[in-house]
Amino acid sequence: MRSTFASLILSLVAVSSAYRLPFRRGSSHSTSFNFTNVNAADNRDIYVGTIYVGGQPYEVQLDTGSSDLWLDTEGVTLSGFTNTSVTGYIGYGDGTVATGPILVGSVDFGNFTVSKQAFISAPGSNATTSGDTGLLGVGPPALSNILTVLELENSSYSGASFIDNIFMTYPKEPNFITFQLSRDPELAVTSGGVFTIGEVGSGLKAVQKAPELKVVEVNNAIPYWTTPMDGMVVNGKNYSGHSVFNSSLVGSSQTLALLDTGNSLGSLPTYYANALYGSIPGANLTNGTWVVPCGGKVNVSFVFGGQTFPVHPLDVAYVAGTDDNGNAMCVGAFSGADVTTDSPNDVALGDSFLRNVYSLYDYGKWVTAGSTAPFIQLLSTTDPAKAWAEFDSLNTVRINAYLAIYGKGG
């Protein structure tokens with residue numbers, strides 16, 4: 001999820017059924033969603049896939065933490081679109097923006113054809129990254145503000161989100177999406193995987209038998225994929241509690257965790273981060289950041305619904321640069337950060353955790369066609385014994401691959 005302080009919405013009428021969208025590293029003008037590893041560093045990963053708007057291909061970031069569509073239309077001749085006469089604006093925490101008129105027109109996404117899609121045309125936006133030309137949000141529909149914007153302007157155009165319209169068009173279609181992330185064999189970051197709508201990936205049906213993790217909404221008007229986390233296990237020792245939220249939201253031994261595919265890394269309350277990285281010999285907390293030996297490894301798992309989900313030792317830290325002698329330097333992939341009750345979560349778990357699970361997100365009543373409570377299901381995909389045994393060799397490959405790309409001065 002990109003940090004936003006304002007957002008828009010997307011209005012779609014999808015025509016399709018359950019669909020699987022493979023994504024992989026690199027750009028491809030196809031109907032697949034590709035995962036692009038920007039600069040080959042964990043903290044720069046984005047999902048990129050191809051949509052066609054008015055027949056023109058756009059490489060857009062796929063984000064479960066938002067529900068908006070905007071496109072950088074610089075140098076593109078737009079024709080056949082309806083101008084809603086409403087200006088849209090998306091602002092991000094890093095100061096970048098995407099702003100321009102909200103247009104309505106035809107959009108193709110995989111097998112989904114949208115004849116009346118509302119999107120923001122943002123020519124020259126500085127919010128693009130590494131060649132992508134916009135963003136498509138598939139998060140909870142209520143996250144989007146274009147619905148509010150259009151309603152405030154008394155617009156006759158629908159502000160329903162992409163996901164909402166899919167499930168309204170196909171009310172018998174299961175109201176969920178799934179993500180399966182794969183690991184790059186050299187850099188050990190996310191190289192690709194499969195994103196599905198309304199179906200479960202091959203060989204992964206067991207996820208639907210996993211406990212249904214309830215979604216907890218701190219603010220009903222701004223929902224996120226947040227669920228209680230029972231705790232963390234480091235080298236066999238349990239850590240729990242330390243939530244800023246009261247018992248009406250989480251139990252006394254729990255914290256509230258956000259699962260976010262738009263986040264490459266993760267953040268934990270300092271109690272957890274210090275316990276995790278303090279257990280690695282030679283790790284140092286420097287200016288609030290844990291700098292760890294690149295060869296250091298630790299057994300860590302997160303606990304949800306009474307089930308333990310191991311994290312591969314490769315995902316505990318990432319290569320962040322080199323020191324004065326040209327040696328690789330590694331930083332903790334789970335930063336320490338204590339939040340306030342204004343935050344929607346205590347814990348944020350991105351790819352560094354999600355590479356280790358198969359995740360299912362059921363929208364439930366968040367979408368118009370749903371009536372049940374939204375929930376999350378997780379299936380562990382990491383064998384902790386195998387991960388521990390292979391760490392040393394894979395870590396050597398990772399470091400050498402980083403130095404080969406960036407050199408000893410990277």
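The values are calculated or read from the model by the stated rules, or taken from the named source; none is laboratory data. It should be emphasised that the depicted structure is a prediction, and the values quoted were computed from it without experimental measurement. So basically every Cβ, Gly included, is an ideal-geometry build from the backbone, and we count neighbours across all protein chains shown.
Brief remarks on what is shown
- Contacts under 6 angstrom Cβ, first residue in region 370-392 being in contact (Cβ under 8 Å) with a residue 24 or more places away in the chain, partner surrounded by fewer than 15 Cβ atoms within 10 Å (Cβ to Cβ) and in a helix (DSSP H, G or I), 6 or more apart: LEU379/ALA206
- Some residue of region 347-360 being of a type outside the set (Gly, Ala, Ser) and either surrounded by fewer than 20 Cβ atoms within 10 Å (Cβ to Cβ) or free of Cβ contacts under 8 Å to residues at least 12 places away in the same chain (or both): no
- Scanning region 317-337 for residues that are in a loop (DSSP other than H, G, I, E, B) and within 18 Å of THR396 (Cα to Cα) turns up ASP323, ASN325, GLY326, ASN327, ALA333.
- Qualifying residue in region 149-168 (condition: under 17 Å from the mean Cα position of the chain (by Cα), surrounded by fewer than 19 Cβ atoms within 10 Å (Cβ to Cβ) and among the β-branched types (Val, Ile, Thr)): no
- Only residues that are among the polar types (S, T, N, Q), under 24 Å from SER156 (Cβ atoms) and surrounded by fewer than 20 Cβ atoms within 10 Å (Cβ to Cβ) were counted across region 91-123, and they come to 4.
- Screening the candidates VAL200, VAL244 for the property of being in a loop (DSSP other than H, G, I, E, B), closer than 26 Å to PRO384 by Cβ and hydrophobic (A, V, I, L, M, F, W, C) yields one hit, VAL200.
- Against the test of being out of contact with any Asp or Glu (no Cβ under 8 Å at 6 or more places or on another chain), more than 30 Å from PHE167 (Cβ to Cβ) and aromatic (Phe, Trp, Tyr), the options PHE302, PHE334 yield a single qualifying residue, PHE334.
- Residue satisfying all of: in region 189-210; within 24 Å of SER352 (Cβ to Cβ) and β-branched (Val, Ile, Thr); modelled with the highest pLDDT among these: VAL207
- Some residue of region 394-410 being over 25 Å from the mean Cα position of the chain (by Cα), surrounded by fewer than 15 Cβ atoms within 10 Å (Cβ to Cβ), under 22 Å from ASN299 (Cα atoms) and among the charged types (D, E, K, R): no
- Wholly enclosed strands (runs of 3 or more DSSP E) of region 338-401 bearing at least 2 residues within 21 Å of SER161 (Cα to Cα), hydrophobic (A, V, I, L, M, F, W, C) and out of contact with any helix residue (DSSP H, G or I) (no Cβ under 7 Å at 6 or more places or on another chain): none
- Residues that are farther than 24 Å from ASN327 by Cα and polar (S, T, N, Q) number at least 2 in the following strands (runs of 3 or more DSSP E) confined to region 264-316: 307-311.
- Restricting attention to region 217-240 and to residues that are modelled with pLDDT of 95 or more and part of a loop (DSSP other than H, G, I, E, B), the residue that is surrounded by the most Cβ atoms within 10 Å (Cβ to Cβ) turns out to be ASP230.
- Selection of region 322-345 for residues being surrounded by fewer than 14 Cβ atoms within 10 Å (Cβ to Cβ) and either of a type in the set (Asp, Glu) or within 24 Å of PRO293 (Cα to Cα) (or both) yields ASP323, ASP324, ASN325, GLY326, ASN327, ASP342.
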